[in-house]
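In what follows, a single structure is set out as structure tokens and then discussed.
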2 protein chains.
Amino acid sequence: MSDKIRLSVAELHTKVQELLVDKGFSFEQADGIADTITAAERDGCLSHGVFRIPFYLAALKNEDANAQAIPSVSVNETSSVVHVDGHNGFCPAALKAGFEPVMDKARTRGIAALAIHNVYNIAALWPEVEHLAQRGFVAFAFTAANAYVAPAGGTKPLFGTNPMAFGWPRGDKPPMVFDQASSVCARGEIQLMKNAGESLPDGAAIDKDGHPTNDPEAALAGAQLPFGQHKGSSIALMIELLAGALIGDFFSYQSSEKDVHNIGAPFGGEFLMVIDPSHAAAPGTADRHIEHAEELFTRLLAQEGTRLPSGRRFAAREKSLNEGVLVSDFSDF
Amino acid sequence: MSDKIRLSVAELHTKVQELLVDKGFSFEQADGIADTITAAERDGCLSHGVFRIPFYLAALKNEDANAQAIPSVSVNETSSVVHVDGHNGFCPAALKAGFEPVMDKARTRGIAALAIHNVYNIAALWPEVEHLAQRGFVAFAFTAANAYVAPAGGTKPLFGTNPMAFGWPRGDKPPMVFDQASSVCARGEIQLMKNAGESLPDGAAIDKDGHPTNDPEAALAGAQLPFGQHKGSSIALMIELLAGALIGDFFSYQSSEKDVHNIGAPFGGEFLMVIDPSHAAAPGTADRHIEHAEELFTRLLAQEGTRLPSGRRFAAREKSLNEGVLVSDFSDF
């Protein structure tokens, strides 16, 4: 492994973007990817930080991956579902193209959806729900992956690690955001544990013969398991349906079939739902969703040992913005 | 306990409805409640069947519970969020009032929401998502409960058992539906285990001092735990926000505070999202969401040991429609 270097968050963004442009990405594609990689390093989510750059570069080996893609947005006057075709580029640029139209729809109609089609999605989902929640919206995001996870009761990979993310606005405070895989572990976490020589928690995976394993390498060759047994499996199935069949994109097993070079860069769609809370309070009653939620957060945090899902990330962010981030030197990627 | 009697599903519905009218419920309220109790017995979900009748009757002891409530619907031409005020009645009648308007909105706009306000909600959520999915929609439902569940890391009840339900249409087949508590066990399951002298699974609950317990009675006096540790806790929190702060209704702890007679009939709101899949495929592409999803279901069921979330329920339904259901005699409730 290469030496670690300390960079400010802005410097990291510039360096990632320059590297990607140098490797053949358009400015728009590189800018979006640099946003998500920088945000992950800044927030201490290392499995989606600099560690991911090789996945973006490797994705270009897929014959149809398009590092120069210009996403196209379809907005229909009647419908509240906004579509963005990523044209085989990467998800961040497609999301950027869809944010304003879907927020416009949500403001007028109260609830809207954003369907992102035909993208490679190697990023975390919290950046998009955070973006929307910072602007006052309640937001959900769902995407499939490659087939890594056995359904409850089964032994063979079928589902992706299928994350769902949720964002809740908190006025002047950073939003409450969670982004969680529907498997016990995220794929990137297992790859990091393998590199670090660490063991998986019990119940996270089975080997290729269907036996429980704590060995990251055996898990990567076998199948991951859903969190919370059949309940996490139901959520993984729901996410396949939303990001796959509903919007006419790939299921995880279809993404795996397409990934003939075994690169691990999932291809398919992402589905988001966006709610403007000003439409959601009962007619004639005051809209006090933000202060009401704070009462719940206060009660939750009053219990010793608890935290808000996004608390650790925002603490890491504050530190990174003050001190910069320490990352592997990736100039030779 | 009283003797068991065998009834046809239709007979059970009539008897439950007559009993409720006799106890002071209006026809509309009794009809909605009889629907949900009958559906639960028919589908083998005993914790939401006849077992629940005493909860409905006890709820009338709450000073403001209104067995004669006539739900009022608010539809705004611009907004896709339909509101129903249940006026302190029970949820089933309010849902019935909201179904057509929210489906109309979803058909036109692609995505719509239904906010049910001011209801006692003692029922399962799968009947409403099944109703919507049978009509071709993708549907989500969320509701809070009373404060029974400790947040991840904590030891005191804060969240409800907070179910979420999801429904997916399958054309001529019964829809794919799941309805799962964000706790390891549903509250009603623990009450049934207590009655049957059974033990709770590990990780389901802590006693009032915060120690793990398998004793249903100690669990009911202590706190239940979320499924999948912090991930289920995040989902429980999301559901509090959606069914509570977003639509201006009660959090679970507020419902508990209101329940001064400790009846266990949660009061508050329910939030549903409804999608018309015909809006969700990429523009210019064929909408083949149903056949596409069947390909996934076929692959899932090809793995030995798996099942679709709703499979067991539909098998029980077929049996009940042929043979009737065996229920406790509830004529002296």
Do we have B:E189 as of a type in the set (D, E, K, R) and in contact with a strand residue (DSSP E or B) (Cβ under 7 Å, 6 or more places away or on another chain) here? no
Out of segment A:251-290, which residues are facing chain B (nearest Cβ under 10 Å), within 26 Å of B:F297 (Cβ to Cβ) and touching a Phe, Trp or Tyr at 6+ places or on another chain (Cβ under 8 Å)? A:S252, A:G269, A:F271, A:M273
Tell me, which residue of segment B:304-320 that is assigned to a loop (DSSP other than H, G, I, E, B) and either among the small types (G, A, S) or surrounded by fewer than 15 Cβ atoms within 10 Å (Cβ to Cβ) (or both) is farthest from the other protein chains (Cβ to nearest Cβ)? B:S310
Search result, residues across segment B:178-230 that are free of Cβ contacts under 8 Å to residues at least 60 places away in the same chain, in contact with a Gly (Cβ under 7 Å, 6 or more places away or on another chain) and either more than 24 Å from B:D43 (Cα to Cα) or among the hydrophobic types (A, V, I, L, M, F, W, C) (or both): B:V184, B:A205, B:I206, B:D207, B:K208, B:T213, B:F227, B:G228
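Results for (1) over 15 Å from the mean Cα position of the chain (by Cα); (2) at pLDDT 95 or above; (3) of a type in the set (G, A, S); (4) farther than 23 Å from A:D179 by Cα, shown as yes or no for each residue.
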{"position": "A:T38", "(1), (2), (3), (4)": "no, yes, no, no"}
{"position": "A:D43", "(1), (2), (3), (4)": "no, yes, no, no"}
{"position": "A:R52", "(1), (2), (3), (4)": "no, no, no, no"}
{"position": "A:K61", "(1), (2), (3), (4)": "yes, no, no, yes"}
{"position": "A:A67", "(1), (2), (3), (4)": "yes, yes, yes, yes"}
{"position": "A:V75", "(1), (2), (3), (4)": "yes, yes, no, yes"}
{"position": "A:H83", "(1), (2), (3), (4)": "yes, yes, no, no"}
{"position": "A:G86", "(1), (2), (3), (4)": "yes, yes, yes, no"}
{"position": "A:L95", "(1), (2), (3), (4)": "no, yes, no, no"}
Checked pairs for segment A:123-146, first within 21 Å of A:F251 (Cβ to Cβ), second of a type in the set (F, W, Y), C-beta under 6 Å and 6 or more apart or across chains, list as A:F140/A:F166; A:F142/A:F271
Tell me, which helices (runs of 4 or more DSSP H) wholly within segment B:1-81 include 3 or more residues that are closer than 17 Å to B:A97 by Cα, in contact with a helix residue (DSSP H, G or I) (Cβ under 7 Å, 6 or more places away or on another chain) and touching a residue at least 60 places away in the same chain (Cβ under 8 Å)? B:27-42
Failed condition for B:V327, given (1) more than 14 Å from chain A (Cβ to nearest Cβ); (2) out of contact with any Lys or Arg (no Cβ under 8 Å at 6 or more places or on another chain); (3) outside any loop (DSSP other than H, G, I, E, B), with all others met? (2)
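Return the only residue of B:A152, B:A186 being surrounded by fewer than 24 Cβ atoms within 10 Å (Cβ to Cβ), within 12 Å of another protein chain (Cβ to nearest Cβ) and at pLDDT below 95. So that I can check it myself, show each step before the final result.
Details: B:A152 fails: at pLDDT below 95.
Every option except B:A186 fails the conditions.
Return the total of residues in segment B:261-294 being over 27 Å from A:F251 (Cα atoms) and either in contact (Cβ under 8 Å) with a residue 24 or more places away in the chain or buried (at least 23 other Cβ atoms within 10 Å of the Cβ) (or both). Give the derivation first.
Here is the first cut: in segment B:261-294, the residues over 27 Å from A:F251 (Cα atoms) are B:261-271.
With the extra rule that they be either in contact (Cβ under 8 Å) with a residue 24 or more places away in the chain or buried (at least 23 other Cβ atoms within 10 Å of the Cβ) (or both), the set shrinks to B:261, B:263-271.
So the answer is 10.
The values are calculated or read from the model by the stated rules, or taken from the named source; none is laboratory data. These numbers were taken from a predicted model, which means no experiment stands behind them. A quick note on method: Cβ atoms are made from the backbone with ideal geometry, for glycine too, and the neighbour counts reach across all protein chains shown.
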